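Peer 1: Take a look at this one; I'll ask things after.
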Amino acid sequence: MAEKVKDKSKKKRSISSFTILLIMLIVLAVITVVMSFAGVEGVEGATIANVATAPVKGFTDALPVCLFVLILGGFLGIITETGALDAGIAALVKKLKGNELILIPILMFIFSIGGTTYGMCEETVPFYLLLAATMVAAGFDSVVGAATVLLGAGCGVLGSTVNPFAVGAAVDSLSGTGIAINQGTIILLGVVLWLVTLAISIVFVMRYAKKVKANKGSTIMSLQEQETMKEEFGEAQQEALDAEANPSRKLMTGRQKGALIVFAFTFVVMIVGFIPWGDFNINVFDAGAASEEVVTPVTGEEIVASWDDAQVGGALEIPEGVEGTVTEDVAISDGWSSFLTGVPLGGWYFDEASTWFLIMAIVIGVVGGLSESRFVKAFINGAADMMSVVLIIALARSITVLMGETGLDMWILENAAAALAGMSAIIFAPLSFLLYVVLSFLIPSSSGMATVSMPIMGPLANNLGFSPDVMIMIFSAGNGLVNLFTPTSGAIMGGLALAKVEYSTWLKFGAKLFIILGVVCMVILTAAMLIL
């Protein structure tokens, strides 16, 4: 009887990501209305129009990411149509027979390098589907695949060392305050946070994976999720089982091997394209870049208008009728690696990545021997499969839009900073960390958070005699921790949707880990604040 009750409870479908995000949007809107009626200064009550247009504005704001995901879906549809992906996964699982667990620490460490160096986050979306299929074929479940990607890259971002979107943006935001920043301290503290949290996460994921491998009933996924997982990744799993049963069977044709090589090459180039090499003084991808001086005639009135637009000041006085010239360097060539997208590797963002995946989808179709009709059908079906992911990303971004329009995010920051003034380091550090945890729900973007918060929190720490370097890492760790589970992150919600893992299941899986990581971060950062 108890077993039947357990099975029945597992069949209950979890609340969808769409509903969770809509509830959050409405609740936050109601909070701003209540605060506005209460006369809270700096917060405007959200109107019906604010709530209704937030998802649309979120879609507009996230359009480059959404288009990338759609084209990615088409790209994956093409590689799936060739049969190369399932065959490749089967070959990998066959080669690792009995040692599948070793995939977890290796892949998590690789993803973490991307996280700590350049803030790999949205770029991980394509890997959720691939790793989920691989882990299911290896005898685990898709939660293991999602955790490998999310926790790997996430722990790297949490312990950012030279990540330009986190510590880089934070240091830049303090450049006008006169506060001296020690990059060595930031890197050292970042390495400690990165490796400690990664080690804990790897042990956590491997223990769960080992249990699932030994007993499929120990999976945390509901029966509905398990059925969906089998429907989505069942072919890859069956390929692996067939390969194990028939060790002499040839797994891949020549065309499939060629398609897989192109497939792997596509992802390598994407990663190389996103890493900001110039920030590390690596200019190999800009070789051959050239510019020329362009002289533009301007009038005095135009100079004053330009001066005002730049918000430098309007005190410049130039008599009417006076003319002059402006000389500027204009790029006529961005180097050899820009020939395909117009932007050199290292300067890519989602428009360039979308272009690259679209081109390589065609290349894979040709290599895989797909006819024109099969190619078009596979690409459209693959893109269609991504529509739910795209809508989740847009809806997640709508919450950030609403917070910006009502001013709730800045109100929390400014009042919390005022409350922290005068506290000792042993209290100031953990409370600052918790402040960033709260704020990161509202502003999941690390660069956006750095821009709005560090000009307030950096000088506050400095004026209290604390290290601004540690404050930067408090921001990085707090923001990074929340980005392991916040529903306002399009990368998380979109990635989980691809892996066929419900958001509530992810929270259930990682709740203890998130608390442990939070406590560990607070201990490390508080100790650093006391010592430095």
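The values are calculated or read from the model by the stated rules, or taken from the named source; none is laboratory data. Values in this document were obtained by computation on a predicted structure and should not be read as measured data. With ideal geometry, Cβ positions are generated from the backbone for all residues, glycine too; neighbour counts draw on all protein chains shown. With ligands, DNA and RNA removed, areas are computed over all heavy atoms of the protein, side chains included. Shrake-Rupley method; radii C 1.70, N 1.55, O 1.52, S 1.80 Å.
Peer 1: Any idea of the accessible area per residue across the chain, 1.4 Å probe, to the nearest Å²? Please list the in-between numbers first.
Peer 2: On the way: 23870 Å² over 532 residues.
On a per-residue basis, 45 Å².
Peer 1: Then there is this: Would you tell me the accessible area of Asp469, worked out with a 1.4 angstrom probe on the heavy atoms of the protein chains, in Å² to the nearest 10?
Peer 2: Only protein atoms counted, so the area is about 20 Å².
Peer 1: Would you mind pulling out the separation of the Cα centroids of region 432-453 and region 172-233, in Å?
Peer 2: So the separation of the two Cα centres works out to 19 Å.
Peer 1: Taking the Cα centre of region 374-469 as the origin and placing charges on Cβ (Lys, Arg +1; Asp, Glu -1), which of Met387, Gly404, Asn415 is farthest toward the positive end of the dipole?
Peer 2: About the Cα centre, the residue reaching furthest to the positive side is Met387.
Peer 1: Provide, as a two-decimal number, the C-alpha radius of gyration of region 24-77 over 2.2 N^0.38 Å, N being how many residues it has.
Peer 2: Values: Rg = 16.6 Å, N = 54, 2.2 N^0.38 = 10.0 Å.
Relative to the rule-of-thumb radius for its length, region 24-77 sits at 1.66.
Peer 1: What relative contact order, as a whole-number percentage, does region 414-505 give when Cα pairs under 8 Å and 6 or more residues apart are counted?
Peer 2: Numbers: 69 pairs, mean separation 29.2, N = 92.
Once divided by the residue count of region 414-505, the mean separation gives 32 percent.
Peer 1: Same structure, new question: Taking one equal scatterer on every alpha-carbon of region 470-532, how large is log10 of I(q)/I(0) by Debye at q = 0.12, 0.19, 0.29 1/Å?
Peer 2: Scattering profile of region 470-532, log10 relative to I(0): -0.37, -0.74, -1.19.
Peer 1: Here is a further query. So if I take the alpha carbon set of region 364-444, get Rg, then get Rh from the Kirkwood formula, what is the Rg over Rh ratio? Don't skip to the answer; put the middle values down first.
Peer 2: Details: Rg = 23.2 Å, Rh = 16.7 Å.
Ratio of gyration radius to Kirkwood radius for region 364-444: 1.39.
Peer 1: Sticking with this structure for a sec: Roughly speaking, what is the centre-to-centre gap between region 85-154 and region 464-514 when only Cα atoms are used, to the nearest Å?
Peer 2: 18 Å
Peer 1: Taking GluC sites (Glu not before Pro) as candidate sites, keep only those in a DSSP loop with at most 13 other Cβ atoms within 10 Å, then name the longest stretch of the chain containing none of them. Walk me through the numbers on the way to the answer.
Peer 2: On the way: sites that count: Glu41, Glu317, Glu320.
Between exposed loop sites, the widest span is 42-316.
Peer 1: Continuing with this model, one more query. Suppose every K and R has +1 on its Cβ and every D and E has -1 on its Cβ; what is the size of the dipole of region 59-127 about the Cα centre, in Debye to the nearest 20? Mind showing how you got there, number by number?
Peer 2: Working: 3 positive and 6 negative charges, 79 e Å.
So the dipole magnitude of region 59-127 works out to roughly 380 debye.
Peer 1: Moving on to the next point. Before anything else, pin down the relative contact order of region 1-158: Cα pairs under 8 Å, at least 6 apart, normalised by residue count, whole percent.
Peer 2: Working: 116 pairs, mean separation 27.5, N = 158.
Normalised by residue count, the contact order of region 1-158 is 17 percent.
Peer 1: Using a Debye calculation, one point per C-alpha and no hydration shell, please list log10 I(q)/I(0) for the chain at q = 0.08 Å⁻¹ in order.
Peer 2: -0.59
Peer 1: Would you be so kind as to identify which of Leu434, Gly254, Thr355 lies farthest towards the positive end of the dipole of the chain, taking Lys and Arg as +1 and Asp and Glu as -1 on Cβ and the Cα centre as origin?
Peer 2: Farthest towards the positive pole: Gly254.
Peer 1: Work out the length of the dipole vector of the chain about its Cα centre, built from +1 on the beta-carbon of each Lys and Arg and -1 on the beta-carbon of each Asp and Glu, and round it to the nearest 20 debye. Write out the running numbers ahead of the final one.
Peer 2: Numbers: 27 positive and 43 negative charges, 814 e Å.
With only Lys, Arg, Asp and Glu charged at Cβ, the dipole is about 3900 debye.
Peer 1: Give, rounded to the nearest 20 debye, the magnitude of the charge dipole that region 45-197 has about its Cα centre when Lys and Arg contribute +1 at Cβ and Asp and Glu contribute -1 at Cβ.
Peer 2: Values: 4 positive and 8 negative charges, 46 e Å.
Using Cβ point charges on Lys, Arg, Asp and Glu, region 45-197 gives about 220 debye.
Peer 1: Next question, about the same structure. Would you calculate a helix-derived [θ] at 222 nm for the chain, using -39,500 (n - 2.57) for each DSSP H run of n ≥ 4 and dividing by the full residue count, to the nearest 500?
Peer 2: On the way: 22 runs with 368 residues, N = 532.
When only DSSP H runs of four or more count, the value is -23000 deg cm²/dmol.
Peer 1: Something else about it: How big is region 171-210 on each of its three principal axes, counting only the C-alpha atoms and giving the largest first in Å?
Peer 2: Extents along the principal axes: 52, 17, 8 Å.
Peer 1: Please report the carbon-and-sulfur percent of the accessible area for region 410-532; probe 1.4 Å, protein heavy atoms only, DNA, RNA and ligands left out.
Peer 2: Working: 2800 of 3890 Å².
With neighbouring chains kept in place, the figure for region 410-532 is 72 percent.
Peer 1: At a threshold of 8 angstrom on Cα-Cα distance, excluding pairs fewer than six apart, so keeping six or more, what relative contact order does the chain reach in percent? If you can, show how the numbers build up before the last one.
Peer 2: Values: 834 pairs, mean separation 143.3, N = 532.
The value is 27 percent.
Peer 1: As I understand it, the dipole of the chain uses +1 on the Cβ of Lys and Arg and -1 on the Cβ of Asp and Glu, about the Cα centre. Which of Ile443, Ser489, Leu174 lies farthest toward its positive end?
Peer 2: So the residue we want is Ser489.
Peer 1: Quick one: with all protein chains in place, what share of the accessible area of region 87-215 is carbon or sulfur, to the nearest percent (1.4 Å probe)?
Peer 2: Numbers: 2980 of 4360 Å².
Taking all protein chains in place, region 87-215 shows 68 percent carbon and sulfur surface.
Peer 1: Here's something else I'd like to know. May I ask for the Rg/Rh ratio of region 436-502, computed from Cα atoms with Rh as the Kirkwood radius, given to two decimals?
Peer 2: Values: Rg = 14.2 Å, Rh = 12.8 Å.
Result: Rg/Rh = 1.11.
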